[in-house]
Amino acid sequence: MTDGLDRSLLAMAERGQRPRCGDWSEGGQWLSEDPEERAAAARWCSGCPVLLECAQAALDLKVTFGVWGGVDYTRREYRPRQST
Ligand code: SF4
């Protein structure tokens, strides 16, 4: 289901590269609970060498959260539970 993305990521790794979302210092933005951070992450996907494969994987996996291939798939915003 994600074979294309897996192959492309492995090829990047063999070249000593990784996508920006794989950078420990900022990778959390792609799964952030803050919609503004996810919007920034989606912009940072631009120019990613595996963007098309990532976008296809998101469709194949029917993802419902996080940023994939420049698109924020998070369907429901995080809301802290209210005490009763
Ligand atoms: S396109 Fe996919 S792999 Fe590339 S930075 Fe965005 S989320 Fe990461």
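Every read-out reported here was derived from the displayed coordinates using simple, explicitly stated rules and does not represent laboratory data. These figures come from a predicted structure and were not determined experimentally. As a convention, Cβ positions derive from the backbone with ideal geometry for all residues, glycine included, and neighbour counts pool all protein chains shown.
Remarks
- Here is how the number arises for the chain: DSSP H runs of 4 or more residues each give -39500 (n - 2.57), the sum is divided by the residue count, and the result at 222 nm is -12000 deg cm²/dmol.
- Exposure proxy ranking, count of Cβ atoms within 10 Å, fewest first, for V67, V50: V50, V67
- A simple spin-label model places pseudo-atoms 7 Å from Cα toward Cβ; at R75 and S46 they are separated by 2.9 nm.
- Length-normalised contact order for the chain - Cα pairs under 8 Å, 6+ apart - percent: 29 percent
- With θ taken as phi - 60° and the Karplus curve 6.51 cos²θ - 1.76 cosθ + 1.60 applied, the whole-hertz 3J(HN,Hα) list for the stretch 35-52 is x, 5, 5, 5, 5, 5, 4, 4, 5, 6, 5, 4, x, 5, x, 10, 4, 5 Hz, x standing for glycine and proline.
- A simple spin-label model places the labels of L61 and R18 1.6 nm from each other, with each point 7 Å out along Cα-to-Cβ.
- Remark on Y73: its backbone amide H falls under 5 Å from those of G66, V67, W68, a criterion applied only to residues 5 or more positions apart or on other chains, H modelled at 1.01 Å from N.
- Cα-based shape type of the stretch 3-72, given that a ≥ b ≥ c are square roots of the gyration tensor eigenvalues and the cut on a/c is 1.5: oblate
- D34-D3 FRET efficiency (beta carbon distance; Förster radius 41 Å; 0.05 resolution): 0.80
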